[in-house]
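Everything on this sheet refers to the single structure shown next.
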Amino acid sequence: MKKTGMAKSDAKKLMGKMAAPGASAFGGSDTTVVDRREQRKRDQAAGLVPFAVKLNGDLVQQLQTLAKERELDLNQLVAELLAKGLSA
């Protein structure tokens, strides 16, 4: 890779970090941001497994609305609904 290509790659990484959620414009942050690797370790310790599915957009919107109404995380809501559906 040429030197200019490496510089562009480094610039993209830096811009990505600056635009990341939790990044502060002034260098300080009041909230603790967990990187993906640490979050993955926490999820594995809790027994969580990533499970990707493709759903109809209307169904996803209903799930998001219901999660907001119940003040639950979308993952928690889907897990609850799946458990109820499987036990029926």
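The table that follows gives values for the structure above.
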{"read-out": "Residue list for the range 5-59, restricted to those being loosely packed, with under 10 Cβ neighbours inside 10 Å, modelled with pLDDT under 80 and not small (Gly, Ala, Ser)", "value": "LYS17, PRO21, PHE26, ASP30, THR31, THR32"}
{"read-out": "Test for LEU86: is it more than 30 Å from GLY16 (Cβ to Cβ), free of Cβ contacts under 8 Å to residues at least 60 places away in the same chain, in a helix (DSSP H, G or I) and touching a helix residue (DSSP H, G or I) at 6+ places or on another chain (Cβ under 9 Å)", "value": "no"}
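The values are calculated or read from the model by the stated rules, or taken from the named source; none is laboratory data. Since the structure is predicted, the reported quantities are computational estimates derived from the model, not experimental observations. When we count neighbours, we look across all protein chains shown, and the Cβ atoms used for this are built from the backbone with ideal geometry, even at glycine.
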